[in-house]
Number of protein chains: 2
Amino acid sequence: MNLNLPIGIFDSGVGGLTVYRALHERLPAERFVYLGDTARVPYGTKSLSTVERYGIENAKFLEAQGIKLLVVACNTASALALPAIGNAVDIQVVGVIEPGARAAVEIARGKTIAVIATEATVQSGAYAKAINQIDPHTKVIERACPLFVPLAEEGWANSAVARSVAEQYLQNLREADLGALVLGCTHYPILRDLIGEVIGTDVPLIDSGEATAEEVRSLLESKQLRASQTTRELEERRLCDDLDHFYVTDAAERFAKVAERFLGTAPSVLEAVEVWGHDELRTY
Amino acid sequence: MNLNLPIGIFDSGVGGLTVYRALHERLPAERFVYLGDTARVPYGTKSLSTVERYGIENAKFLEAQGIKLLVVACNTASALALPAIGNAVDIQVVGVIEPGARAAVEIARGKTIAVIATEATVQSGAYAKAINQIDPHTKVIERACPLFVPLAEEGWANSAVARSVAEQYLQNLREADLGALVLGCTHYPILRDLIGEVIGTDVPLIDSGEATAEEVRSLLESKQLRASQTTRELEERRLCDDLDHFYVTDAAERFAKVAERFLGTAPSVLEAVEVWGHDELRTY
C-alpha cells in the first residue's frame, strides 16, 4: 500500500465537510479525495436498499481513484450500509457510528446517552446497538431532527428560527439526565453552539466526525500508513487547498456556496462526476 | 386513444399529491397513476441536466403504464425539463408553470406578481418568462423558500416556527404592492393558510396545481378525451381509493405517512418500483 495515496471520504452531500475538516486538522500530512453525492442527497429519508446501493456506487468510485482508506462520513450510510460497502470494496472502510458511540460511552460513564440524527439513522437503531455493544447497561434515547439539515444549509444556524426548532426537538431530552449528546448527522456540528445552549452547557456534545478523525489517526499509525511529507509542505497546507480533490455528482456551484458557509472557504479543485451506470435507460 | 386510460402524474416525491387532489376534485370520472420519485427527492437543489434525466425516466415509466396524458406536477421538473420530457414521450405533457403563470396574470391585472418556489425553479426564471410571455409589462419577483418543504413534510405547517420562517422569507414581498402570489412548489399549498396570513389576506394566492387541474379539464374536454363512467361509479369515488395507483421509487412507508398528513388519507394501492436502469454498476 502506498502511504502517500489520499484518504477517501464520501457523504450524501455537503455535510461530510465537517468530517473532512476534522480529519484535515488532525492529519495535515494527508491528502483527501471527497465525494458528495449531491445528485441523490439526502439519504436520511431513504430506505436501506437504496442507501446501500448509493453507498456502494460511491465507494467504488473512490476506490477507483486510488485511496488507502475510505471514510464513510455520512451517518445514514454508516448506519445502514457499512457492511454492504465493506463487502463491495477491497480497501478498509471506517464509518462514523462506532467511533461516535465509543466516544459517547467513554464520556457518559454510565449515564443516559442521547443521539440526534436523521430519520433513517434513528430508525436503524445503529447508534443504540453500537453503544449497547460496548456497554449493555447504558440507556440510549434517539431523536430525529430533520429540520436541522436545511437550517444549516440555508445559513440559519444562529437564527431565532433555529433556536425554536432546537427547543422543540430537544425538549424531552432536556428533561433526561444526560451523560452525552451525540451529533449523529454531519450537518449538526454547524449548529453545535446552538444545540449546546439549548440542551444545557453541562451536557458533553459528541461530534461523531471528530471521533472518527481520531480513530483514523490511530488506525493509520498502528498500520504504519501515515503519509510522509516534509515540514515545509505541512506548513503550507490549508483547508480546501489543491492537494485535496472534491467531487460532486451534481450542482457543483451550490456545493461550493454551502462549503464556503461551512468551512469559510470553497474547494480549490471541485469536479462534477457520475458515479452510477445509467447509460442505458430501462425500456418498458 | 382510449378515453378510459388513466392520467399520469409525476412528482419528485410526495408534494405532487396536492396536484393529484386538485385533479381528483375536478375530474372525478378519471383514474390516476401517480409516481413519486422518492429515491431521488428533492429536485429543487439539483441541476438542469440531472432534473432532465430524472424527469425523462419518470415520464417513460408512466408512459409504459398506459396513460392518456402526463401531468408533470413538480414545479422544478416543469421549470427545467418540460421540453426534454415532451421530446422523450409520445403522449401529451402538461406542466404546472404555464397554467400557474396564466392564472396569476389574469388575477393580478398588471400589478406585480411574486413567485415563491425552490432554488432551482427560481434560478431557472421559468415563471418570470412564462408570465412575461403573456404580459411583458408585469413585474415579477421570485423568492426561494427552501425550508417550506421540510416544514410541510414534518407536519409543522401551523407551528410558530413555520410562521417565523414565513415572515422571514416573505418580508420583502410584503412591502411590494402585489397583485398575486404564486405558490410555485407543490408543497406550499400545505402552508397556504399561513402564507396567506403572513403575506396579507388581500393578496390572491395562486396554487399552480389547481390552475393546472383546470387546464387539464379544458384540454380533455376540447380533445374529447374525458373518461366515461356511470353516475354510480362517480358517487363512490374517493381520494386515494383503489382506482388510483401510486408508485414510489423508495420508502413507501414514509410516503404513506406524509400522504396521510397531506390528504387525510393514504393510498389504497401503493407500490415501490425502480424507474432507472442501474443493473450494471459502472466499473472503474
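The values are calculated or read from the model by the stated rules, or taken from the named source; none is laboratory data. Just so it is clear, the structure is predicted and the values come from calculations on it, not from any experiment. Positions of Cβ are generated from backbone atoms using ideal geometry, with glycine treated the same way; all protein chains shown enter the neighbour counts.
One table, with the values for the structure above:
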{"item": "Among residues of region B:23-42, those that are more than 20 Å from residue B:256 (Cα to Cα) and within 14 Å of another protein chain (Cβ to nearest Cβ), counted", "result": "0"}
{"item": "Some residue of region A:167-190 being free of Cβ contacts under 8 Å to residues at least 40 places away in the same chain, surrounded by fewer than 24 Cβ atoms within 10 Å (Cβ to Cβ) and under 21 Å from the mean Cα position of the chain (by Cα)", "result": "no"}
{"item": "Conditions (1) in a helix (DSSP H, G or I); (2) out of contact with any Cys (no Cβ under 9 Å at 6 or more places or on another chain); (3) at pLDDT 90 or above; number of the one not met by residue B:259", "result": "(2)"}
{"item": "Filter result for residue A:32 (on the phi < 0 side of the Ramachandran plot and in contact with a Leu (Cβ under 6 Å, 6 or more places away or on another chain))", "result": "no"}
{"item": "Any hit, region A:233-243, residues being farther than 30 Å from residue B:53 by Cα and buried (at least 21 other Cβ atoms within 10 Å of the Cβ)", "result": "yes"}
{"item": "Search result, residues across region B:225-241 that are in a loop (DSSP other than H, G, I, E, B) and touching a residue at least 60 places away in the same chain (Cβ under 8 Å)", "result": "B:225, B:226, B:227, B:228, B:229, B:237, B:239"}
{"item": "Residue in region A:246-256 that is away from every other protein chain (no Cβ under 14 Å), touching a residue at least 24 places away in the same chain (Cβ under 8 Å) and not in a helix (DSSP H, G or I) present", "result": "yes"}
{"item": "Criterion: within 13 Å of chain B (Cβ to nearest Cβ), without any contact (Cβ under 8 Å) to a residue 24 or more places away in the chain and within 22 Å of the chain's Cα centre (by Cα) - qualifying residue of A:151, A:147", "result": "A:147"}
{"item": "Among (1) basic (Lys, Arg); (2) within 14 Å of chain B (Cβ to nearest Cβ); (3) over 30 Å from residue B:144 (Cβ atoms) - the single one residue A:163 does not satisfy", "result": "(3)"}
{"item": "Those residues of region A:262-284 which are touching a Phe, Trp or Tyr at 6+ places or on another chain (Cβ under 7 Å) and modelled with pLDDT of 85 or more, in sequence order", "result": "A:267, A:269, A:270, A:271, A:273, A:275"}
{"item": "Residues being out of contact with any strand residue (DSSP E or B) (no Cβ under 7 Å at 6 or more places or on another chain) and closer than 15 Å to residue B:39 by Cβ - total across region B:5-14", "result": "1"}
{"item": "Flag if residue B:126 is surrounded by 24 or more Cβ atoms within 10 Å (Cβ to Cβ), away from every other protein chain (no Cβ under 11 Å) and out of contact with any Ser or Thr (no Cβ under 8 Å at 6 or more places or on another chain)", "result": "no"}
{"item": "Within region A:83-111, tally of residues that are among the hydrophobic types (A, V, I, L, M, F, W, C) and more than 22 Å from residue A:248 (Cβ to Cβ)", "result": "8"}
{"item": "Region A:68-104, residues that are surrounded by fewer than 22 Cβ atoms within 10 Å (Cβ to Cβ), over 14 Å from the mean Cα position of the chain (by Cα) and either assigned by TED's automatic domain parsing to the domain that holds residue A:137 or not small (Gly, Ala, Ser) (or both)", "result": "A:68, A:69, A:83, A:87, A:89, A:90, A:91, A:92, A:102, A:103"}
{"item": "Single match in A:82, A:170, A:147, A:151 (criterion: at pLDDT 95 or above and touching a His at 6+ places or on another chain (Cβ under 9 Å))", "result": "A:151"}
{"item": "Odd one out for residue B:196 among (1) touching a strand residue (DSSP E or B) at 6+ places or on another chain (Cβ under 9 Å); (2) buried (at least 23 other Cβ atoms within 10 Å of the Cβ)", "result": "(2)"}
{"item": "Given (1) crowded, with 23+ Cβ neighbours inside 10 Å; (2) touching a residue at least 60 places away in the same chain (Cβ under 8 Å), index of the condition residue B:4 fails", "result": "(1)"}
{"item": "Lone unmet requirement of (1) surrounded by 17 or more Cβ atoms within 10 Å (Cβ to Cβ); (2) over 23 Å from the mean Cα position of the chain (by Cα) for residue B:159", "result": "(1)"}
{"item": "Which listed residue is farther than 21 Å from residue A:214 by Cβ, touching a residue at least 60 places away in the same chain (Cβ under 8 Å) and touching a Gly at 6+ places or on another chain (Cβ under 9 Å), from A:18, A:38", "result": "A:38"}
{"item": "Matching residues in region A:52-82 - criterion: being more than 14 Å from chain B (Cβ to nearest Cβ) and out of contact with any helix residue (DSSP H, G or I) (no Cβ under 9 Å at 6 or more places or on another chain)", "result": "none"}
{"item": "Flag for residue A:186 being modelled with pLDDT of 95 or more, of a type in the set (S, T, N, Q) and in the same structural domain as residue A:150 (by TED's automatic domain parsing)", "result": "yes"}
{"item": "Test: residue A:114 is in contact with a Leu (Cβ under 6 Å, 6 or more places away or on another chain) and in contact (Cβ under 8 Å) with a residue 60 or more places away in the chain", "result": "yes"}
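A quick yes/no check of all residues on (1) among the charged types (D, E, K, R); (2) within 16 Å of the chain's Cα centre (by Cα); (3) under 30 Å from residue B:273 (Cβ atoms); (4) assigned by TED's automatic domain parsing to the domain that holds residue A:189:
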| position | (1), (2), (3), (4) |
| --- | --- |
| A:11 | yes, yes, yes, no |
| A:15 | no, yes, yes, no |
| A:24 | no, yes, no, no |
| A:34 | no, yes, no, no |
| A:39 | no, no, yes, no |
| A:47 | no, no, yes, no |
| A:57 | yes, no, yes, no |
| A:60 | yes, no, yes, no |
